[in-house]
Amino acid sequence: MNAPKHDLILLGLGSNLGDRRAHLAAGVSALGALPGIEIRQVSRLYETAAWGGPKGQGPFLNAALTLQSRRLSQVELLSAILAIEAEEGRVRDVANGPRTLDIDILLCGERVIAKERLVVPHVAMHERSFVLQPAAEVAGFMRHPLLAVTVAELAHEVGMDGLLAVISERGWFHALGQSTCK
């Protein structure tokens, strides 16, 4: 009998408070420690200007990763993500406000999910270079199920607006003692 197919899931991560790199690394580590989760790829870090929200926010570090979940549903994964964000000190008091850790589910294979707490594909991912540039690095081949184009095509379309720097260190989460990629 064939093993069940597990969709590749694309996540976007960001932080603009405190030790941004450490918050992102803790997020990657916590995701990798979830039961049945296999992290496939993690992008480099991208430093970007804050988008939306209150004026005067510091720049974000952003990254993307792909994973497969063999045990958690998408809704269970979302609940786990919210707990990881809270563990890293995430406070949700201002829309698009500064945050220690933000993790968004961007794509789940080519599924369209519209639930009260979870909408996939992420509703604004196709407009945001800070999401698409790191996402294209690890999942450029994935297709946006509503727009019928790849992540790489979307990244090319939005360009590099708001991008301040790409930190070339590919194993940034390994350097901080993380070792979650298989």
Nitroxide proxy distance, nm - points 7 Å out along Cα→Cβ at E127 and L146
1.1
What distance in nm lies between label points placed 7 Å from Cα along the C-beta direction at A49 and V94?
1.8
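R0 = 35 Å: FRET efficiency of D19 with S79, Cβ-based, nearest 0.05? Can you show the working numbers first?
Working: r = 25 Å, r/R0 = 0.73.
Approximately 0.85, to the nearest 0.05.
Using Cα pairs under 8 angstrom and six or more residues apart, how large is the relative contact order of the chain, in percent? Display every interim value, and only then the final one.
Numbers: 364 pairs, mean separation 57.9, N = 182.
Contact order relative to length: 32 percent.
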For the stretch 8-169, would you read off the P(r) tail past 22 Å as a percentage of all alpha carbon pairs?
37
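Would you mind computing Rg(Cα) / (2.2 N^0.38 Å) for the stretch 1-96, counting N as its residues? If you can, show how the numbers build up before the last one.
Details: Rg = 14.8 Å, N = 96, 2.2 N^0.38 = 12.5 Å.
Its radius of gyration relative to the 2.2 N^0.38 Å reference: 1.18.
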Determine the dipole magnitude for the stretch 1-135: charges of +1 sit on the beta-carbon of Lys and Arg, -1 on that of Asp and Glu, nothing else is charged, the reference point is the Cα centre, and the result goes in debye to the nearest 20.
140
Stretched out fully, how many nm does the piece from E38 to E87 gain, at 0.36 nm a residue minus the Cα gap?
15.6 nm
With bins 10 Å wide starting at 0, give me the P(r) of the stretch 7-48 over every alpha carbon pair, in whole percents.
24, 56, 20, 1
Below 8 Å between Cα atoms, with a sequence gap of 6+, how large is the relative contact order for the stretch 68-164 in percent?
20
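Assuming R0 = 22 Å, can you tell me the calculated FRET efficiency for the pair K115 and E157, based on Cβ-Cβ distance, to the nearest 0.05?
That pair, K115 with E157, gives E of 0.20.
Values in this text are rule-based calculations from the coordinates and carry no lab data. No experiment lies behind these values; they were computed from the predicted model shown. Cβ atoms come from the backbone with ideal geometry, glycine included; neighbour counts cover every protein chain shown.
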